[in-house]
Amino acid sequence: MKEIRAIRGTQDILPGEVERWQRVEASARDVFARYGFREIRTPIFEDSEVFVKGTGDTTDVVEKEMYRFEDLGGNDITLRPEGTPPVVRAYLQHRLGQGRSIERYFYSGPMFRYERPQKGRYRQFHQIGVEVLGAESPRVDAEVITMAMQWLAELGVSSLALKLNTLGDEETRVAYRAALVAAQAARLDELCSDCRRRHLTNPLRVLDCKKPGCQAVIAAMPMIQDSLTPAASRHFERVRETLLDWNVEAEIDARMVRGLDYYRQTVFEITSSALGAQDSLLGGGRYDGLVERMGGEDVPGVGFASGVERILLAMPDEVAPAVADVFVIAFDERSVDTTHRLVHDLRRAGVRALTHAYGGRSKRAQTKAARRSEASWQLVVGPDEIAADRYTLKHMADGREEVVSGSELPAIAAQLVRVTATS
Ligand code: HAM
């Protein structure tokens, strides 16, 4: 029979590796809570309309990367390629912004894009992201950016760089679009076929093309900065001043447009040189107008999402924690029942206890397993220990011993384990 394997572009996250994921998630919860964010969980699949309207029907994500299908009831379904439109959908559906409050949400979970898999790029990947709805102040842009930088720094991600740009407001966009269309029309025959199509549907997307022929044309195109309205300029200035004030270093990347259509004003990306070609750890920006386009009122928004797989690639390696605190070894077959009883008592007392005394395993084999488990304490249960009701807990690193009775064991082990964990 052919071996059954995980689908291309998806990955199993195995024990040993999953602990690093948990650390990234726990750190996000910790840092984001300091900034007043609460978790939101939306479904993994949505009506395709959420993304066609939200992400934008002329983006690469919607045009070529969606896992979109008709379900058995004839509904047009899409596995979420990103988290922002579902959060806005939930915000509207549950009327979460009533009274025009500032809402702060974070989310964590799998996203799906039919992209060409490579290192750091998958078809099922995981994002941790945040959205702030109801705040138009540039200070909030600076706040989410600062929070993202702080989180990644606390995780020990090395060589972080923050890239910042503005796409201007709606008025800027209309003016810039016209300038781009004119510039592209003059050199249309030099553009690739994708870009000739984008020129008509979404001229801004041409700026993202990586093909060398298009790059030459792009370099000569007008800059968005030349079309900024005074209000849009002021917004961006305030973001930059606030970041400067908070000692967050940013590099202006005037050509950065980001791949999704809803962005207005501030856009940003955080990269790490510890990564290869897929160096974007996190990206986001302001999306004033999206809530309205999705059927709500004119509520401003700003947020970001990070790629967990990429963060893990850029994070220092750590030793996986031991799977047990105490490993209990049965000296012989006669000691197996007591061994299991003690393991059970330890677990009930909150100690992570493990044994391999499942019959037919020699003391030597069990000792080997104990070493592999990296448990900090070992306990050997034999006929002598059982007869005397004296058990010796041995600390594997420093050889220290604690002799206890069977009834004392759980409480004393619990205490020792806690001390070891905090020392
Ligand atoms: P995005 O730039 O499309 O933005 O994705 C954010 C991050 O997700 C990227 O920086 C990258 O780390 C990760 N990512 C994207 N695609 C893949 C992939 N195929 N494999 C691995 N990682 C990937 C958004 O999704 C917006 N919703 C962010 C946002 C939130 N903007 C405002 N609020």
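Data overview
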{"item": "Condition met for Gly129 (within 20 Å of Leu155 (Cα to Cα) and either at pLDDT below 95 or within 12 Å of the ligand (Cβ to nearest atom) (or both))", "result": "yes"}
{"item": "Residue identified as under 14 Å from Leu167 (Cα atoms), within 10 Å of the ligand (Cβ to nearest atom) and not hydrophobic (A, V, I, L, M, F, W, C) among Gly259, Gly307", "result": "Gly259"}
{"item": "Residue satisfying all of: in the range 97-117; surrounded by fewer than 17 Cβ atoms within 10 Å (Cβ to Cβ) and either farther than 23 Å from Thr78 by Cα or without any contact (Cβ under 8 Å) to a residue 24 or more places away in the chain (or both); nearest to the ligand (Cβ to nearest atom) among these", "result": "Arg116"}
{"item": "Of all residues making up the range 64-93, the number that are of a type in the set (Gly, Ala, Ser), within 16 Å of the ligand (Cβ to nearest atom) and part of a loop (DSSP other than H, G, I, E, B)", "result": "1"}
{"item": "Scope the range 1-34; condition more than 30 Å from Glu374 (Cα to Cα) and out of contact with any Asp or Glu (no Cβ under 7 Å at 6 or more places or on another chain); matching residues", "result": "Met1, Lys2, Glu3, Ile4, Arg5, Ile7, Arg8, Gly9, Thr10, Phe32, Ala33, Arg34"}
{"item": "Filtered residue count, the range 28-46, keeping only those that are in contact with a Phe, Trp or Tyr (Cβ under 9 Å, 6 or more places away or on another chain) and open to solvent by less than 20 Å² (accessible area, probe 1.4 Å)", "result": "4"}
{"item": "Per-region count, the range 118-144, residues part of a loop (DSSP other than H, G, I, E, B) and buried (at least 22 other Cβ atoms within 10 Å of the Cβ)", "result": "1"}
{"item": "Out of Thr58, Thr10, sole residue that is among the β-branched types (Val, Ile, Thr), at pLDDT 95 or above and not in a helix (DSSP H, G or I)", "result": "Thr10"}
{"item": "Every pair of residues 6+ apart whose Cβ atoms lie under 8 Å, when the first sits in the range 289-307 and is under 28 Å from Arg121 (Cβ atoms) while the second is near the ligand (Cβ under 7 Å from one of its atoms) and of a type in the set (Asp, Glu)", "result": "Gly301/Glu131; Val302/Glu131; Gly303/Glu131; Ala305/Glu82"}
{"item": "Top-ranked residue in the range 240-252 [being out of contact with any helix residue (DSSP H, G or I) (no Cβ under 6 Å at 6 or more places or on another chain) and in a helix (DSSP H, G or I); ranked as most open to solvent (accessible area, probe 1.4 Å)]", "result": "Leu244"}
{"item": "Of all residues making up the range 313-324, the number that are within 11 Å of the ligand (Cβ to nearest atom) and open to solvent by less than 20 Å² (accessible area, probe 1.4 Å)", "result": "1"}
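Listed here are the residues, each with its yes/no results for (1) of a type in the set (Ser, Thr, Tyr); (2) open to solvent by less than 60 Å² (accessible area, probe 1.4 Å).
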position: Arg238; (1), (2): no, no
position: Ser273; (1), (2): yes, no
position: Leu282; (1), (2): no, yes
position: Gly285; (1), (2): no, yes
position: Arg293; (1), (2): no, no
position: Gly307; (1), (2): no, yes
position: Val326; (1), (2): no, yes
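So that you can scan it fast, the table gives a plain yes or no per residue for (1) open to solvent by less than 10 Å² (accessible area, probe 1.4 Å); (2) touching a residue at least 60 places away in the same chain (Cβ under 8 Å):
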{"residue": "Gln366", "(1), (2)": "yes, no"}
{"residue": "Arg371", "(1), (2)": "no, no"}
{"residue": "Leu379", "(1), (2)": "yes, no"}
{"residue": "Leu393", "(1), (2)": "yes, yes"}
{"residue": "Glu402", "(1), (2)": "no, no"}
{"residue": "Glu408", "(1), (2)": "no, no"}
{"residue": "Ala411", "(1), (2)": "no, yes"}
{"residue": "Leu416", "(1), (2)": "no, no"}
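The values are calculated or read from the model by the stated rules, or taken from the named source; none is laboratory data. Here the structure is a predicted model, which is why all the values come from computation and not from measurement. Ideal geometry is used to build each Cβ from the backbone, glycine not excepted, and the neighbour counts take in all protein chains shown. Please note that ligands, DNA and RNA were not included when accessible areas were found on the heavy atoms of the full protein model with its side chains. Shrake-Rupley method; radii C 1.70, N 1.55, O 1.52, S 1.80 Å.
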